[in-house]
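This report concerns only the one structure given below.
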Amino acid sequence: MSDEEKQSYPLEVTYCGVCGLPPEYCKYGPKFKKCIPWLKANAPGLYPELADEEGDADVDAASAALASASVDDDDEGGAGGGAGGG
């Protein structure tokens, strides 16, 4: 008998107090930056990179880079790939 078969049901699942997702999925949700304080307090082992302050700086830098990026910024040519390019 495996460990999965020994589990009792219903399973008890923890949800993030900010976004409502299971903590494992917060990084894929729209409020990850807001979830960070909750995750540090309630699930510190799940995202060990958040334990240090440098991790916050990395998240801020990545967020700023993504906020300033645009899909239309690729004006340097290329082969295209859209319809009618030919």
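Every number in this text was worked out from the coordinates using simple rules, so none of it is lab data. All values derive from a computational prediction rather than experimental measurement. Note that we place each Cβ from the backbone using ideal geometry, even for glycine, and neighbour counts take in every protein chain shown.
How would you order 32-41, 12-21 from highest to lowest mean count of nearby Cβ atoms within 10 Å?
Numbers: 32-41: 16.1, 12-21: 13.6.
Result, highest mean Cβ count within 10 Å first: 32-41, 12-21.
Once the other residues with Cβ under 11 Å from the Cβ of LEU21 are scored (Lys, Arg +1; Asp, Glu -1), what is the net sum? Display every interim value, and only then the final one.
On the way: positive: LYS27, LYS31; negative: GLU24.
Here the count lands on +1.
Straight-line reach from LYS40: which lysines have Cα under 18 Å away, leaving out those fewer than 8 places along the same chain?
Within reach: LYS27, LYS31.
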